[in-house]
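Participant: Shown below is the structure under consideration.
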Amino acid sequence: MSSYCDFAAGHPIHGPYHDEEYGFPVTDENELFERLILEINQAGLSWETILRKRDNFSRAYADFDVDVVATFSDDDRSRLLGDAGIIRNRLKVEAAIENARRLIAMRDDFGSFAGWLDHHHPLSKDEWVKLFKRTFKFTGGEITREFLVSTGYLPGAHRKACPVYDLVAASNPPWMRT
């Protein structure tokens, strides 16, 4: 069975993401928010489409600054829905803004998005999906799974035979700490 490791190796778009980001632990709130926005926007589309538009997403969503996105107004929504450089889906745009607000709200109890994730870790995939559905907008099973795999909270980013697997393991992702 082929895997992302087989497909991404040497690919000009997938290769750098696979080799340098996918599965490595992420603790920075804005980076976690970026991954969440990208995974939400990938729903129904190819990951390559999202990676090709990544810089556009960064510009459109204020470099994924949670505090800034949480203040987005109706004018910002209109701007995003008119931006051909990103995915112009009203539900996905609304989810990004609302999820930024929810991340700010969780700071009182958990300090940050990473604190919230660490507080709930470890959970099974199904438990994570239920939690994400209760907590965030536009997060189903695949979005939640890919977000958690990509940020190191669930295993599965790399085959053991993949050279990147050992690099991820050396970074001590949360899924290896259980």
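Participant: Filter segment 75-125 down to residues that are more than 15 Å from the chain's Cα centre (by Cα) and β-branched (Val, Ile, Thr) and give me whichever is nearest to ASN30 (Cα to Cα).
Facilitator: By that ranking, first place goes to ILE104.
Participant: Run VAL93 past the list (1) assigned to a helix (DSSP H, G or I); (2) surrounded by 15 or more Cβ atoms within 10 Å (Cβ to Cβ); (3) out of contact with any Lys or Arg (no Cβ under 8 Å at 6 or more places or on another chain); (4) not hydroxyl-bearing (Ser, Thr, Tyr) and report the number of the one that doesn't hold.
Facilitator: Result: VAL93 fails condition (3) only.
Participant: So, of the residues in segment 40-64 that are within 19 Å of LEU148 (Cα to Cα) and polar (S, T, N, Q), which turns out to be surrounded by the most Cβ atoms within 10 Å (Cβ to Cβ)?
Facilitator: Here is the first cut: in segment 40-64, the ones within 19 Å of LEU148 (Cα to Cα) are 40-48, 50-51, 54, 64.
If we keep only those that are polar (S, T, N, Q) too, we end up with 41-42, 46.
Details: ASN41: 23, GLN42: 20, SER46: 9.
Selected residue: ASN41.
Participant: Another question, then. Looking only at segment 68-80, count every residue that is surrounded by 13 or more Cβ atoms within 10 Å (Cβ to Cβ) and out of contact with any Phe, Trp or Tyr (no Cβ under 7 Å at 6 or more places or on another chain) and tell me the total.
Facilitator: First, the residues of segment 68-80 that are surrounded by 13 or more Cβ atoms within 10 Å (Cβ to Cβ): 68-72, 76-77, 79-80.
Keeping just the survivors that are out of contact with any Phe, Trp or Tyr (no Cβ under 7 Å at 6 or more places or on another chain) gives 68, 70-72, 76-77, 79-80.
Going through segment 68-80 one residue at a time, the tally reaches 8.
Participant: To continue, here is another question. Which is in a helix (DSSP H, G or I), within 24 Å of PRO174 (Cα to Cα) and polar (S, T, N, Q), of ASN30, ASN41? Before the answer, list the steps.
Facilitator: Working: ASN41 fails: within 24 Å of PRO174 (Cα to Cα).
Criteria check complete, one pass: ASN30.
Participant: Could you please tell me which pairs satisfy a Cβ distance under 8 Å, a separation of 6+ or placement on different chains, a first residue in segment 50-63 that is in contact (Cβ under 8 Å) with a residue 12 or more places away in the chain, and a second residue that is basic (Lys, Arg)?
Facilitator: ALA60/ARG79
Participant: Exactly one condition in (1) out of contact with any Cys (no Cβ under 6 Å at 6 or more places or on another chain); (2) at pLDDT 95 or above is not met by ARG159; state its number.
Facilitator: (1)
Participant: Taking PHE138, is it touching a Gly at 6+ places or on another chain (Cβ under 9 Å) and either basic (Lys, Arg) or closer than 16 Å to PHE33 by Cβ (or both)? Before the answer, list the steps.
Facilitator: Values: touching a Gly at 6+ places or on another chain (Cβ under 9 Å): no; either basic (Lys, Arg) or closer than 16 Å to PHE33 by Cβ (or both): yes.
Taking the combined requirement at face value, the residue does not satisfy it.
Participant: If I go through segment 140-154 residue by residue, how many of them are within 11 Å of the chain's Cα centre (by Cα) and part of a helix (DSSP H, G or I)?
Facilitator: 8
Participant: How many residues does segment 53-88 contain that are within 17 Å of LEU38 (Cβ to Cβ) and charged (D, E, K, R)?
Facilitator: The qualifying residues number 8.
Conditions tested, residue by residue: (1) outside any helix (DSSP H, G or I); (2) not charged (D, E, K, R).
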| site | (1), (2) |
| --- | --- |
| PHE72 | yes, yes |
| ARG77 | no, no |
| ALA105 | no, yes |
| TRP116 | no, yes |
| TRP128 | no, yes |
| PHE132 | no, yes |
| ALA169 | no, yes |
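The values are calculated or read from the model by the stated rules, or taken from the named source; none is laboratory data. Here the structure is a predicted model, which means the values were calculated and not measured. So basically every Cβ, Gly included, is an ideal-geometry build from the backbone, and we count neighbours across all protein chains shown.
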